[in-house]
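The values are calculated or read from the model by the stated rules, or taken from the named source; none is laboratory data. Quantities reported herein were computed from a predicted structural model and do not represent experimental measurements. Cβ placement follows ideal geometry from the backbone for every residue including glycine, while neighbour counts extend to all protein chains displayed. In case anyone asks, the SASA skips ligands and DNA or RNA and just uses the protein heavy atoms, side chains included. Shrake-Rupley method; radii C 1.70, N 1.55, O 1.52, S 1.80 Å.
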Amino acid sequence: NGFTLDHGFSMAAKLRPTPTLFMSYLNPLLAAGLDRFFARVKREGISGVVVPDLPPEEADGRRVIFLCSPTCGTERIRLIDRRSHDFIYLVSIRGVTGARAGLPADLGSFIRRVRRLSNKMLCVGFGISTPAQAAQVAKLADGVIVGSAILRIAATSGPRGVERFVKSLRRALD
(Lines give C-alpha, C1' and ligand atoms only; values in the text may rest on other atoms or scores of the structure.)
Protein backbone atom coordinates (compact mmCIF):
# COMPACT_ATOMS: atom_id res chain seq x y z
CA ASN A 1 0.00 0.00 0.00
CA GLY A 2 2.92 2.35 -0.59
CA PHE A 3 4.45 2.10 2.88
CA THR A 4 8.23 2.56 2.70
CA LEU A 5 11.19 2.33 5.02
CA ASP A 6 11.24 6.14 5.06
CA HIS A 7 7.68 6.05 6.43
CA GLY A 8 8.84 3.66 9.14
CA PHE A 9 11.73 5.91 10.13
CA SER A 10 9.41 8.94 10.21
CA MET A 11 6.95 7.11 12.45
CA ALA A 12 9.74 5.96 14.76
CA ALA A 13 11.01 9.55 15.08
CA LYS A 14 7.57 10.58 16.39
CA LEU A 15 7.74 7.88 19.06
CA ARG A 16 11.03 8.99 20.58
CA PRO A 17 12.19 8.44 23.28
CA THR A 18 10.12 5.23 23.34
CA PRO A 19 12.33 2.27 22.40
CA THR A 20 11.33 1.12 18.91
CA LEU A 21 12.00 -2.08 16.99
CA PHE A 22 11.68 -2.50 13.26
CA MET A 23 10.41 -5.75 11.81
CA SER A 24 10.83 -6.32 8.10
CA TYR A 25 11.40 -9.03 5.61
CA LEU A 26 14.85 -9.06 4.05
CA ASN A 27 13.93 -7.95 0.50
CA PRO A 28 13.08 -4.31 1.36
CA LEU A 29 16.33 -4.07 3.31
CA LEU A 30 18.32 -5.49 0.41
CA ALA A 31 16.64 -3.01 -1.94
CA ALA A 32 17.59 -0.15 0.40
CA GLY A 33 21.11 -1.52 0.83
CA LEU A 34 21.86 -3.44 4.02
CA ASP A 35 24.79 -1.27 5.06
CA ARG A 36 22.81 1.94 4.46
CA PHE A 37 19.77 0.58 6.28
CA PHE A 38 21.68 -0.55 9.37
CA ALA A 39 23.67 2.71 9.45
CA ARG A 40 20.39 4.62 9.43
CA VAL A 41 18.95 2.37 12.17
CA LYS A 42 21.91 3.32 14.34
CA ARG A 43 21.78 7.02 13.41
CA GLU A 44 18.01 7.24 14.04
CA GLY A 45 18.25 5.48 17.41
CA ILE A 46 16.12 2.46 16.51
CA SER A 47 16.52 -0.06 19.34
CA GLY A 48 16.66 -3.18 17.22
CA VAL A 49 15.68 -4.97 14.04
CA VAL A 50 13.81 -8.26 13.60
CA VAL A 51 14.22 -9.85 10.16
CA PRO A 52 12.36 -13.19 10.19
CA ASP A 53 13.82 -14.45 6.91
CA LEU A 54 17.45 -13.51 7.63
CA PRO A 55 19.31 -16.61 8.86
CA PRO A 56 21.83 -15.93 11.65
CA GLU A 57 24.54 -17.47 9.46
CA GLU A 58 24.08 -14.64 6.96
CA ALA A 59 23.77 -11.65 9.30
CA ASP A 60 27.46 -10.68 8.99
CA GLY A 61 27.66 -9.27 12.51
CA ARG A 62 24.66 -6.96 12.08
CA ARG A 63 22.65 -6.23 15.20
CA VAL A 64 19.57 -8.33 14.53
CA ILE A 65 17.10 -9.99 16.90
CA PHE A 66 16.63 -13.53 15.65
CA LEU A 67 13.61 -15.79 15.89
CA CYS A 68 13.81 -19.16 17.59
CA SER A 69 11.03 -21.67 17.03
CA PRO A 70 9.99 -24.78 18.96
CA THR A 71 11.51 -26.90 16.18
CA CYS A 72 15.05 -25.53 16.74
CA GLY A 73 17.59 -28.01 18.03
CA THR A 74 20.28 -27.35 20.62
CA GLU A 75 22.99 -26.20 18.19
CA ARG A 76 20.60 -23.87 16.37
CA ILE A 77 19.50 -22.31 19.68
CA ARG A 78 23.14 -21.77 20.65
CA LEU A 79 23.84 -20.10 17.28
CA ILE A 80 20.80 -17.84 17.65
CA ASP A 81 21.93 -16.98 21.18
CA ARG A 82 25.42 -16.01 19.99
CA ARG A 83 24.19 -13.90 17.08
CA SER A 84 21.04 -12.28 18.53
CA HIS A 85 21.20 -8.68 19.66
CA ASP A 86 19.62 -7.85 23.05
CA PHE A 87 17.07 -10.67 23.20
CA ILE A 88 15.77 -13.75 21.42
CA TYR A 89 12.32 -13.65 19.85
CA LEU A 90 10.74 -16.98 20.75
CA VAL A 91 8.05 -18.14 18.34
CA SER A 92 5.40 -19.70 20.58
CA ILE A 93 3.77 -21.88 17.95
CA ARG A 94 4.53 -24.25 15.15
CA GLY A 95 3.07 -22.82 11.97
CA VAL A 96 2.18 -19.32 10.84
CA THR A 97 1.51 -16.24 12.92
CA GLY A 98 -1.96 -15.05 13.82
CA ALA A 99 -4.34 -14.83 16.72
CA ARG A 100 -5.06 -18.11 18.50
CA ALA A 101 -7.69 -19.28 20.95
CA GLY A 102 -5.05 -20.67 23.28
CA LEU A 103 -1.33 -21.07 23.84
CA PRO A 104 0.51 -24.32 23.08
CA ALA A 105 0.63 -26.77 25.99
CA ASP A 106 4.41 -27.18 25.57
CA LEU A 107 5.25 -23.45 25.61
CA GLY A 108 6.68 -23.56 29.14
CA SER A 109 9.00 -26.45 28.35
CA PHE A 110 10.18 -24.70 25.17
CA ILE A 111 11.01 -21.51 27.11
CA ARG A 112 12.85 -23.50 29.80
CA ARG A 113 14.85 -25.37 27.14
CA VAL A 114 15.99 -22.14 25.50
CA ARG A 115 16.69 -20.52 28.88
CA ARG A 116 19.09 -23.37 29.74
CA LEU A 117 21.05 -22.58 26.55
CA SER A 118 20.96 -18.77 26.63
CA ASN A 119 21.69 -15.85 28.93
CA LYS A 120 19.69 -13.43 26.76
CA MET A 121 16.25 -12.11 27.55
CA LEU A 122 13.55 -14.27 26.02
CA CYS A 123 10.52 -12.52 24.53
CA VAL A 124 7.63 -14.61 23.23
CA GLY A 125 5.39 -13.77 20.30
CA PHE A 126 3.20 -15.35 17.60
CA GLY A 127 -0.35 -16.27 18.50
CA ILE A 128 -0.71 -14.10 21.61
CA SER A 129 -4.04 -12.39 21.17
CA THR A 130 -5.64 -11.70 24.55
CA PRO A 131 -4.62 -9.97 27.78
CA ALA A 132 -5.00 -13.30 29.62
CA GLN A 133 -2.59 -14.99 27.19
CA ALA A 134 -0.11 -12.12 27.58
CA ALA A 135 -0.25 -12.46 31.37
CA GLN A 136 0.28 -16.22 31.11
CA VAL A 137 3.34 -15.75 28.88
CA ALA A 138 4.73 -12.99 31.12
CA LYS A 139 4.97 -15.50 33.98
CA LEU A 140 7.30 -17.63 31.85
CA ALA A 141 9.33 -15.18 29.75
CA ASP A 142 11.03 -11.81 29.99
CA GLY A 143 8.76 -10.14 27.46
CA VAL A 144 5.55 -10.55 25.49
CA ILE A 145 5.12 -9.61 21.80
CA VAL A 146 1.64 -9.00 20.41
CA GLY A 147 1.39 -8.28 16.69
CA SER A 148 -1.44 -9.84 14.68
CA ALA A 149 -4.08 -9.07 17.30
CA ILE A 150 -3.11 -5.38 17.24
CA LEU A 151 -3.20 -5.31 13.44
CA ARG A 152 -6.63 -6.92 13.44
CA ILE A 153 -7.96 -4.37 15.95
CA ALA A 154 -6.37 -1.49 14.01
CA ALA A 155 -8.20 -2.64 10.88
CA THR A 156 -11.57 -2.94 12.60
CA SER A 157 -11.50 -0.32 15.39
CA GLY A 158 -8.78 2.13 14.42
CA PRO A 159 -6.34 3.91 16.75
CA ARG A 160 -8.79 4.19 19.66
CA GLY A 161 -9.41 0.45 19.57
CA VAL A 162 -5.67 -0.22 19.55
CA GLU A 163 -5.21 2.14 22.49
CA ARG A 164 -7.93 0.36 24.51
CA PHE A 165 -6.44 -3.04 23.67
CA VAL A 166 -2.88 -2.05 24.56
CA LYS A 167 -4.11 -0.60 27.87
CA SER A 168 -5.88 -3.90 28.58
CA LEU A 169 -2.62 -5.75 27.87
CA ARG A 170 -0.75 -3.41 30.23
CA ARG A 171 -3.33 -3.98 33.02
CA ALA A 172 -3.02 -7.75 32.57
CA LEU A 173 0.76 -7.57 32.79
CA ASP A 174 0.70 -5.35 35.87
Over the range 106-174, give the accessible area per residue in Å² for a 1.4 Å probe, as an integer.
56 Å²
How high is the relative contact order of the chain, in percent, with contacts defined as C-alpha pairs under 8 Å that are six or more residues apart?
14 percent
Just to make sure I understand: if all protein chains stay in place, what is the order of Ile153, Ile80 by accessible area at 1.4 Å, largest first?
Ile153, Ile80
Could you tell me the ratio Rg/Rh of the chain? Both radii from Cα atoms, Rh via Kirkwood.
0.96
Given charges at beta-carbon only (K, R positive; D, E negative), |dipole| of the range 94-174 in Debye:
120 debye
Given a Förster distance of 30 Å, the FRET efficiency implied by the Cβ-Cβ spacing of Glu163 and Asp60, rounded to the nearest 0.05, works out to 0.20
Mind grabbing the accessible area of Glu163 for me, 1.4 Å probe, Å², rounded to tens?
80 Å²
State the Cα centre-to-centre distance between the range 104-174 and the range 30-59 in whole Å.
24 Å
Where nothing but the Cβ of Lys and Arg (+1) and of Asp and Glu (-1) is charged, how large is the charge dipole of the range 2-92 around its Cα centre, in debye to the nearest 20?
320 debye
Set the Förster radius R0 to 45 Å, insert the Cβ-Cβ distance between Arg171 and Asn27 as r into 1/(1 + (r/R0)^6), and round the FRET efficiency to 0.05.
0.75
If you take the charge dipole of the chain about its Cα centre, with +1 on Lys and Arg Cβ and -1 on Asp and Glu Cβ, which of Pro52, Ala141, Leu29 is farthest toward its positive end?
Ala141
Sort Leu54, Leu173, Leu34 by heavy-atom solvent-accessible area, probe 1.4 angstrom, most to least.
Leu173, Leu34, Leu54
Placing +1 on the Cβ of each Lys and Arg and -1 on the Cβ of each Asp and Glu in the chain, which of Gly61, Ile153, Ala12 has its Cα farthest towards the positive end of the resulting dipole?
Ile153
Rounded if a/c under 1.5, otherwise prolate or oblate - the range 59-129, Cα gyration tensor axes:
prolate
Residue farthest toward the positive end of the dipole of the range 44-174, with Cβ of Lys/Arg at +1 and Asp/Glu at -1: which of Leu122, Leu173, Ile111?
Leu173
Value in Å of the Kirkwood radius, where the range 1-98 supplies the Cα pairs that are averaged:
14.4 Å
